[in-house]
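In what follows, a single structure is set out as structure tokens and then discussed.
Here, each number is a calculation from the coordinates, and none is a lab measurement. Everything quoted here is computed from the prediction, not taken from an experiment. A quick note on method: Cβ atoms are made from the backbone with ideal geometry, for glycine too, and the neighbour counts reach across all protein chains shown.
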Amino acid sequence: GGGGGGGGELVVDASKPTTSLQIKLADGTRLVAKFNHAHTVGDVRAFVDAARPAAARVPYVLCTTFPRRTLSDTSATLAAADLLNAVVMQKPV
């Protein structure tokens, strides 16, 4: 219930398939977050920005660790980008 506008917070629908993503931030810290398979690379970026507002001020890309691949398509779903249970790295550009 109720609609709260704004806030970039992640809403995970437990009735849909979920995955855990491990996000290694540029400052060395690690975030683990749950996402739906239908969430996008853009949603992951928004999550990082909300979790670390200071880090969001520095231009960065998200990339996979192995094989190294830059996730430039922010509209790609996690399933399509092959990011289910993946480790993602924040890399300043």
Using the alpha carbons of the chain, what is the convex hull volume per residue in cubic angstrom, as a whole number? 100 Å³
Do you know the relative contact order of the chain, to the nearest whole percent, from alpha carbon pairs under 8 angstrom that are 6+ apart? 34 percent
Give me the net charge of residue 63's neighbourhood, meaning all other residues with Cβ under 14 Å from the Cβ of residue 63; Lys, Arg count +1, Asp, Glu -1. +3
Using the basic label-point model (7 angstrom from Cα toward the beta carbon), what is the residue 31 to residue 91 distance in nanometres? 1.9 nm
Estimated vicinal HN-Hα couplings, Hz - the range 84-90 in sequence order (Karplus 6.51, -1.76, 1.60; Gly, Pro = x): 5, 6, 8, 10, 10, 10, 8
